[in-house]
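**Q** After the structure tokens below, expect a handful of questions from me.
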Amino acid sequence: MNKYTKIIKGFVLLSAILTFSVLFLLIGYILVKGIPHIDPSLFALEYNTENLSLFPAIITTLMMTFLALIISCPIGVFTGFYLVEYAKTGNKFVEIIRLTTETLSGIPSIVYGLFGLLFFVTALGWSFSLMAGAFTLSIMILPLIIRATEEALIAVPNTLREASFGLGAGKLRTIFRIVLPSAIPGILAGIILSIGRIVGETAALIYTAGSVPKIPENLFSSGRTLAIHMYVLSSEGLFTDKAYATAVILLVVVIGINALSSYMAKRFTKENVNG
Amino acid sequence: MKKNFLEKFMEIIFFISASASIISVVLICVFMFAGGIPAIKEIGLFDFLLGKKWSPSNVPPSFGILPMILGSIYVTFGAILIGLPIGVLTAVFLSKFCPRKIYRYLKPAVNLMAGIPSIVYGFFGMVVLVPFISNVFGGNGNSILTASILLGIMILPTIIGLSESAIRSVPKSYYEGAIALGASHETAVMFAVLPAAKSGIFASIVLGIGRAIGETMAVVMVAGNQARMPNGILRGIRTLTANIVMEMGYAADLHREALIATGMILFIFILFINGVFSILKRRMN
């Protein structure tokens with residue numbers, strides 16, 4: 001018996017150490033190798049083949065994130081309202097929505113990319129553009145936002161709603177004035193996570209937003225985000241230094257976003273960190 | 001009267017928003033199938049799925065995606081082989097062995113692992129794993145083995161997350177019963193609690209398979225991408241996803257349609273995996 005105990009403990013510890021050391025190795029390696037390559041010329045306003053500036057990619061990433069969120073957030077949050085506040089339990093329509101959201105969250109980004117290419121780029125004739133990329137991404141992050149909203153709304157105690165109704169407020173007023181404010185941190189945590197998805201996305205954007213290394217002039221011009229920039233650099237194989245530097249910036253953004261999201265989530269469920 | 005109108009109006013807006021995800025899924029299905037089926041008709045289902053040769057620029061061209069189907073299956077299998085034991089045991093650690101103080105830092109670390117973009121994983125694989133495999137096992141390092149290891153790492157957060165919540169939801173009485181019968185903490189966890197969590201762990205495998213088979217960028221950067229039948233784990237391979245990303249940029253006509261059909265096959269795989277996953281999840285509840 002004692003023999004088993006030791007072996008089990010050994011394997012469990014070993015696995016945990018392996019998992020977390022891979023994470024630390026990855027982050028450490030990229031930071032150590034990449035930070036020395038970050039220099040001011042990387043942030044030059046114009047991209048050319050000499051400086052390979054990140055600046056246009058950063059601006060494009062910001063624009064892409066903003067656009068995708070502005071499309072997806074209202075739809076996702078309103079879906080959450082419908083599912084939690086309006087739909088009756090056992091409703092067939094609700095089940096179909098659940099099923100399709102689950103399906104959406106399982107579809108790999110390359111399939112989104114192909115769909116975006118077929119639908120937004122070709123069928124709607126938007127060509128490679130910010131719009132095509134943003135619409136593709138907004139479908140991709142929809143399930144994340146819906147789920148975050150749903151969970152946040154469900155966590156709001158019913159007594160709040162009842163009190164509001166009791167004071168004579170209508171349903172709409174109750175949702176926007178009473179329920180939404182207390183659910184905001186939870187919803188924000190989901191939105192922040194989806195920013196992470198957008199910033200890191202490559203496969204869904206290559207054939208929808210394209211990879212022109214300039215700041216897009218309007219919504220229907222092509223532009224490359226940071227992640228695509230990094231893919232282009234590393235697949236050409238000549239600019240590994242610059243790819244390292246881009247990886248550092250991506251990693252820092254993602255770590256920041258994750259920290260912010262879990263801070264919001266923690267504020268939302270103060271009492272129980274261990275849940 | 002006016003207020004009532006607004007209430008009704010917004011309810012309809014919410015309803016329309018809720019239909020967005022249904023519309024999206026329908027649109028995706030329609031476009032993927034409408035884009036893929038013509039190519040399969042032209043090439044022939046049998047030649048397309050079981051053809052061993054992919055050479056779109058030959059005259060006459062051949063469009064067999066069996067090498068890519070096998071490639072996807074091999075690296076996915078490899079990823080599960082590596083990621084499953086490590087992931088489940090890490091989940092056991094997090095839920096049953098880890099002191100609360102450390103857990104506060106490790107849980108966000110797992111979430112961070114899930115948040116790191118696949119392009120960064122791929123780059124890490126390219127600059128660290130590929131040379132490592134090449135030095136240790138020979139060859140040029142771009143291989144099934146490298147891709148499997150990298151994917152195994154990438155599916156860890158999926159497996160850890162689902163397994164951990166499955167282990168946590170096992171009733172305490174299982175553990176207490178085992179302890180009362182004289183088992184140690186370790187044996188109680190491994191032989192009483194873990195088997196009771198098996199449906200959740202199985203669901204995590206299914207979701208992990210879905211992640212691995214759909215992963216694109218990371219695989220493209222370490223797998224070598226040769227479109228030929230796999231021969232040996234130290235040789236390069238091309239997956240379904242890689243096939244699309246590598247050639248879509250310049251493909252035209254039938255070649256382009258064949259790539260879309262490749263995407264369709266991948267999509268069918270994913271729909272099947274999703275179906276299995278949601279059945280498992282319903283059974284768990």
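The values are calculated or read from the model by the stated rules, or taken from the named source; none is laboratory data. Keep in mind that this is a model prediction, so the values were computed, not measured. All Cβ positions, even for glycine, are placed from backbone atoms using ideal geometry, and neighbour counts span all protein chains on display. Calculation scope for accessible area: heavy atoms of the full protein, side chains included, ligands and nucleic acids excluded. Shrake-Rupley method; radii C 1.70, N 1.55, O 1.52, S 1.80 Å.
**Q** Roll a 1.4 Å probe over the protein heavy atoms and report the accessible area of residue A:46 in Å², nearest 10.
**A** 130 Å²
**Q** Now a separate question. Where in region A:26-62 does the amide nitrogen come within less than 12 Å of the point 7 Å from the Cα of residue B:105, taken along Cα to Cβ?
**A** Output list for this probe position: empty.
**Q** Of B:165, B:142, B:217, which is farthest on the positive side of the dipole of the protein assembly as shown, counting Cα position, with +1 on Lys and Arg Cβ, -1 on Asp and Glu Cβ, and the Cα centre as origin?
**A** Projecting each Cα onto the dipole axis, the largest value belongs to B:165.
**Q** Hey, another quick one. Within region A:183-213, which residues have the backbone N less than 16 Å from the label spot 7 Å out from residue A:55 along Cα→beta-carbon, could you tell me?
**A** A:213
**Q** To the nearest 20 debye, what is the magnitude of the charge dipole of chain A about its Cα centre, counting +1 on the Cβ of each Lys and Arg and -1 on the Cβ of each Asp and Glu? Present the calculation step by step, with values, prior to reporting the outcome.
**A** Details: 19 positive and 14 negative charges, 207 e Å.
That gives a dipole near 1000 debye.
**Q** Let me ask something else. Of A:105, A:155, A:170, whose Cα points farthest to the positive end of the dipole of region A:40-268 (charges on the beta-carbon: +1 Lys, Arg; -1 Asp, Glu; origin at the Cα centre)?
**A** A:170
**Q** State, to one decimal in nm, how far the label point of residue A:41 lies from the label point of residue B:7, with both points 7 Å from Cα in the Cβ direction.
**A** Result for the modelled spin labels: 6.7 nm.
**Q** Just give the residues from region B:241-274 buried by at least 30 square angstrom of accessible area in the all-chains context relative to the isolated chain, probe 1.4 Å, and say none if nothing qualifies.
**A** Residues shielded by partner chains are B:244, B:245, B:248, B:256, B:260, B:267, B:270, B:274.
**Q** Then there's this: Would you mind pulling out the separation of the Cα centroids of region A:164-207 and region B:169-228, in Å?
**A** 32 Å
**Q** Dipole size in debye (nearest 20) for chain B around its Cα centre, Lys and Arg Cβ +1, Asp and Glu Cβ -1? Intermediate results must be reported in sequence, preceding the final value.
**A** Details: 22 positive and 11 negative charges, 159 e Å.
I would put it at about 760 debye.
**Q** Mean-square fluctuation check for chain A, GNM, Cα pairs under 10 Å: which of A:228, A:97, A:139 is largest?
**A** Comparing A:228, A:97, A:139 in a Gaussian network model of chain A, the most mobile one is A:97.
**Q** Which of B:172/B:281; B:96/B:198; A:92/A:171; B:96/B:281 have a Cα-Cα distance over 18 Å?
**A** B:172/B:281; A:92/A:171; B:96/B:281
**Q** So which residues in region B:18-51 end up with at least 50 square angstrom less accessible surface once the other protein chains are there, compared with the chain by itself, probe 1.4 angstrom?
**A** When all protein chains are present, B:18, B:21, B:22, B:25, B:28, B:31, B:32 each give up 50 Å² or more of accessible surface.
**Q** Of the candidates B:193, B:110, B:25, which one comes out as most mobile in a Gaussian network treatment of chain B with C-alpha springs shorter than 10 Å?
**A** In the Gaussian network model the winner is B:25.
**Q** With all protein chains present and a 1.4 Å probe, how do B:59, A:232, B:245 order by accessible area, largest first?
**A** Numbers: B:59 145, A:232 30, B:245 5 Å².
Sorted by accessible area, descending: B:59, A:232, B:245.
**Q** Taking θ = phi - 60°, what integer Hz values does the Karplus form 6.51 cos²θ - 1.76 cosθ + 1.60 yield along region A:240-249, in sequence order, with x for Gly and Pro?
**A** Values, residue by residue: 4, 4, 5, 5, 4, 4, 4, 4, 4, 5 Hz.
**Q** Cut-off under 23 Å on the C-alpha distance; same-chain residues fewer than 8 positions from residue A:33 excluded. Which lysines are left, in chain and number order?
**A** Answer for residue A:33, where 23 Å is the Cα cut-off: A:242, listed by chain and number.
**Q** Whenever you get a sec, compute what percent of the accessible area on region A:151-270 sits on carbon and sulfur atoms (1.4 Å probe).
**A** Details: 3320 of 5210 Å².
Here it works out to 64 percent.
**Q** Follow-up. Using only the alpha carbons of chain A, determine the length spanned along each of the three principal axes and report them from longest to shortest in whole angstroms.
**A** Result for chain A: principal-axis Cα extents of 68, 68, 32 Å.
**Q** To the nearest 10 square angstrom, how much accessible area does residue A:32 have with a 1.4 angstrom probe?
**A** Approximately 110 Å² for this residue.
**Q** Nearest 100 Å² is fine: how much accessible area is buried between B and A, summed over both sides, with a 1.4 Å probe?
**A** Numbers: alone 16000 and 15780 Å², together 24770 Å².
Buried area (both sides, nearest 100 Å²): 7000 Å².
**Q** Take every residue in peptide B:207-218, count the Cβ atoms of other chains within 10 Å of its Cβ, and give the average of those counts.
**A** Values: counts 2, 0, 0, 4, 2, 1, 1, 8, 4, 9, 13, 2.
Per residue, the number of nearby Cβ atoms from other chains is 4 on average.
**Q** Tell me which residues come under 5 Å, amide H to amide H, from residue B:62 once H is placed; ignore anything under 5 positions away on its chain.
**A** For residue B:62, the qualifying residues are B:55.
**Q** Counting only heavy atoms of the protein chains, get the accessible area per residue of the protein assembly as shown (1.4 Å probe) and round it to a whole Å² value.
**A** Working: 24770 Å² over 560 residues.
Ligands and nucleic acids excluded, the figure is 44 Å² per residue.
**Q** From the P(r) of region B:130-280, can you give the percent of Cα pairs sitting at distances over 18 Å? Walk me through the intermediate numbers first.
**A** Numbers: 7688 of 11325 pairs.
Value for region B:130-280 (Cα pairs over 18 Å): 68 percent.
**Q** While we're on this one: Report the full-extension gain for the segment residue B:180 to residue B:252: residue separation times 0.36 nm, less the Cα-Cα distance, to one decimal in nm.
**A** Working: separation 72, 0.36 × 72 = 25.92 nm, distance 6.90 nm.
Gain on stretching residue B:180 to residue B:252: 19.0 nm.
**Q** Right, here's the next one. Anything losing 30 Å² or more of accessible area from the isolated chain to the full protein assembly: pick those residues out of region B:172-187, probe 1.4 Å, ligands and DNA/RNA ignored.
**A** Buried by the other chains: B:186, B:187.
**Q** Taking θ = phi - 60°, what integer Hz values does the Karplus form 6.51 cos²θ - 1.76 cosθ + 1.60 yield along region B:111-123, in sequence order, with x for Gly and Pro?
**A** Working through the residues one at a time gives 4, 4, 4, 6, x, 5, x, 5, 5, 6, 4, x, 5 Hz.
**Q** Give a residue-ordered list of calculated ³J(HN,Hα) values for region B:67-76 (Karplus: 6.51 cos²θ - 1.76 cosθ + 1.60, θ = phi - 60°; whole Hz; x for Gly, Pro).
**A** x, 6, 4, 4, x, 4, 5, 4, 5, 5
**Q** Further, regarding this structure: Just tell me which lysines come within less than 24 Å, Cα to Cα, of residue B:41; anything on the same chain fewer than 8 places away is out.
**A** Reachable lysines: B:52, B:53.
**Q** Counting alpha carbon pairs within less than 8 Å and at least 6 residues apart, what relative contact order, in whole percent, applies to chain A? Intermediate values should be presented prior to the final figure.
**A** Details: 346 pairs, mean separation 70.8, N = 275.
Taking the mean separation of contacting Cα pairs over the length of chain A, I get 26 percent.
**Q** While we're on this one: Calculate the mean, over all residues of peptide A:113-121, of how many other protein chain Cβ atoms lie within 10 angstrom of the residue's Cβ. Before the final figure, lay out the partial values.
**A** Values: counts 6, 15, 11, 2, 7, 10, 6, 0, 0.
Shielding by partners across A:113-121 averages 6.
**Q** Okay, moving on. To the nearest 10 degrees, how steeply does helix A:2-34 sit against the main Cα axis of chain A, on a 0 to 90 scale?
**A** 60 degrees
**Q** Here's another thing I want to ask about it. Which aspartates and glutamates does residue A:6 reach when only Cα atoms under 18 Å apart count, and residues fewer than 8 places away in its own chain are ignored?
**A** Once the sequence-local aspartates and glutamates are set aside, what remains near residue A:6 is B:186.
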